[in-house]
Amino acid sequence: VQLVESGGGLVQPGGSLRLSCAASGLTFSNFAMSWYRQAPGKERESVATIFSVGSRTNYRDSVKGRFTISRDNAKNTVYLQMDSLKPEDTGVYYCNAYWGLLNYWGQGTQVTVSS
């Protein structure tokens, strides 16, 4: 199983980025897909989740209204559209796939929000 994130980078406050996570080696449509992030010196935290059934979504409060998670099961890809970025959104963003006892992680992509 491979999860490969892309789309990170340096952006000014108020800017936007779109992260992508391409999955392979798993039945993608079965898995709930999530984005996590980890800032320096802090624990990894959940940012957004999109479930396999009905594409229901969950967001942490601090990103509601600014971030949008979506998935394309035909492309085995999950996205995170991040708008109105703030310096506190800085961190390494990780893609996660889970289904029952199966839990997989990507290698992460750096997002830096700074002027």
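The values are calculated or read from the model by the stated rules, or taken from the named source; none is laboratory data. These numbers were taken from a predicted model, which means no experiment stands behind them. Using ideal geometry, Cβ is built from the backbone for each residue, glycine included, and neighbour counts are taken over all protein chains shown. Note: areas computed on protein heavy atoms with side chains; ligands, DNA, RNA excluded. Shrake-Rupley method; radii C 1.70, N 1.55, O 1.52, S 1.80 Å.
Residue count for region 10-37 satisfying the condition of being basic (Lys, Arg) and buried (at least 21 other Cβ atoms within 10 Å of the Cβ): 1. Taking the criterion of being open to solvent by less than 40 Å² (accessible area, probe 1.4 Å) and either farther than 14 Å from ILE69 by Cα or among the hydrophobic types (A, V, I, L, M, F, W, C) (or both), the residues of region 38-56 that qualify are ALA39, VAL47, ALA48, ILE50. If you go through region 8-42 and keep only what is closer than 19 Å to VAL63 by Cα and over 16 Å from the mean Cα position of the chain (by Cα), you end up with LEU10, VAL11, GLN12, PRO13, GLY14, GLY15, PRO40, LYS42.
Quick grid of which residues meet (1) under 22 Å from VAL11 (Cα atoms); (2) open to solvent by less than 50 Å² (accessible area, probe 1.4 Å):
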site: ARG60; (1), (2): yes, no
site: ARG66; (1), (2): yes, yes
site: ARG71; (1), (2): no, yes
site: ALA74; (1), (2): no, no
site: TYR98; (1), (2): no, no
site: TYR104; (1), (2): no, no
site: THR112; (1), (2): yes, yes
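Checking region 52-72 against the condition returns no match, with no residue being in contact with a Phe, Trp or Tyr (Cβ under 6 Å, 6 or more places away or on another chain) and of a type in the set (A, V, I, L, M).
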